[in-house]
1. Could you list, in sequence order, the residues of region 40-53 that are surrounded by fewer than 17 Cβ atoms within 10 Å (Cβ to Cβ) and over 16 Å from residue 9 (Cβ atoms)?
2. Looking at (1) at pLDDT 95 or above; (2) within 16 Å of the ligand (Cβ to nearest atom); (3) within 22 Å of residue 52 (Cα to Cα), which one does residue 120 not meet, given that it meets all the others?
3. Looking for something more than 16 Å from the ligand (Cβ to nearest atom) and part of a loop (DSSP other than H, G, I, E, B) - is there at least one such residue anywhere in region 123-136?
4. Contact list please: Cβ distance under 6 Å, first residue in region 47-65 and more than 15 Å from residue 136 (Cβ to Cβ), second residue away from the ligand (no atom under 12 Å from the Cβ) and assigned to a strand (DSSP E or B), pairs at least six apart or on different chains.
5. Could you check region 33-47 and list, in sequence order, the residues that are part of a helix (DSSP H, G or I), more than 15 Å from residue 7 (Cα to Cα) and either within 12 Å of the ligand (Cβ to nearest atom) or charged (D, E, K, R) (or both)?
6. I want to confirm something. Restricting to region 90-102 and keeping residues that are part of a strand (DSSP E or B) and within 12 Å of the ligand (Cβ to nearest atom), which single residue is farthest from residue 169 (Cα to Cα)?
7. Tally up the residues in region 141-164 that are within 11 Å of the ligand (Cβ to nearest atom), in a helix (DSSP H, G or I) and aliphatic (A, V, I, L, M), please.
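The values are calculated or read from the model by the stated rules, or taken from the named source; none is laboratory data. All values reported here derive from a predicted model rather than from experimental measurement. In this analysis, Cβ positions are derived from the backbone assuming ideal geometry, glycine residues included, and neighbour counts consider all displayed protein chains.
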Amino acid sequence: MSVLPIRIFGDPVLRERAGEVTDFDRALRALAENMLETMRAAQGAGLAANQVGVLKRLFTWELPGEDDAQPNPHGSWVNPEITETSAELQEGDEGCLSFPGLFYPTERPLRARMRAQDVFGDPHEVAAEGQLARIILHEVDHLNGILFIDHLARHSKKEALRRIRSGELELNAAGQGEGLPAGVGNAL
Ligand code: ZN
């Protein structure tokens, strides 16, 4: 397994739509393993393939577990499709591994349903709520070239773009691992 470089905002691959996965082979499973390792190294809770420069519809996720003796709930989903979202919304700070150090209140549906395949190609229906719903919606957006700043209130987006233009992302990316900001568990 290996840790892959994470693409930072400004890289055009983050604005592209990823293509359907048709080959459920060893290469796909190796990519999913590498993405899990990359996500964990960056202390993220989600990672889409675009973020490591691969235009395939695949993302990984991990939630903090309740029992330290057990592995955290985690997984990889392929060709995900959101089939339903709740009208009820959730508030909360959200960040993105492609925007290191930036966290903003981001409104999302509280619940989401998704159809997806696992890395062997078997179909699944996933019902998610709270943090997992936030992760799924954020990652499926990535696969469609949509970024979390697109969901921000106007004043937050303005401030985020100002901070990005001032070179803050590159600075934060260079300093990764040297002390992480609060709320890093929501970096997706
Ligand atoms: Zn992200």
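1. Pass one, region 40-53, residues surrounded by fewer than 17 Cβ atoms within 10 Å (Cβ to Cβ): 40-41, 43, 53.
Of everything in region 40-53, those that are surrounded by fewer than 17 Cβ atoms within 10 Å (Cβ to Cβ) and over 16 Å from residue 9 (Cβ atoms) turn out to be 40, 41, 43.
2. (2)
3. Quick first cut of region 123-136, residues more than 16 Å from the ligand (Cβ to nearest atom) only: 123-130.
Now restrict to residues that are part of a loop (DSSP other than H, G, I, E, B): 130.
Yes, the conditions are met somewhere in region 123-136.
4. 55/19
5. So the first thing to find is which residues in region 33-47 are part of a helix (DSSP H, G or I), and the list is 33-41.
Those left that are additionally more than 15 Å from residue 7 (Cα to Cα): 33, 36-37, 40.
Once the filter is applied, which keeps residues that are part of a helix (DSSP H, G or I), more than 15 Å from residue 7 (Cα to Cα) and either within 12 Å of the ligand (Cβ to nearest atom) or charged (D, E, K, R) (or both), region 33-47 yields 33, 37, 40.
6. Going through region 90-102, the residues part of a strand (DSSP E or B) turn out to be 90, 93-95.
Still in the list and also within 12 Å of the ligand (Cβ to nearest atom): 94-95.
Values: 94: 16, 95: 12 Å.
So the residue we want is 94.
7. 2
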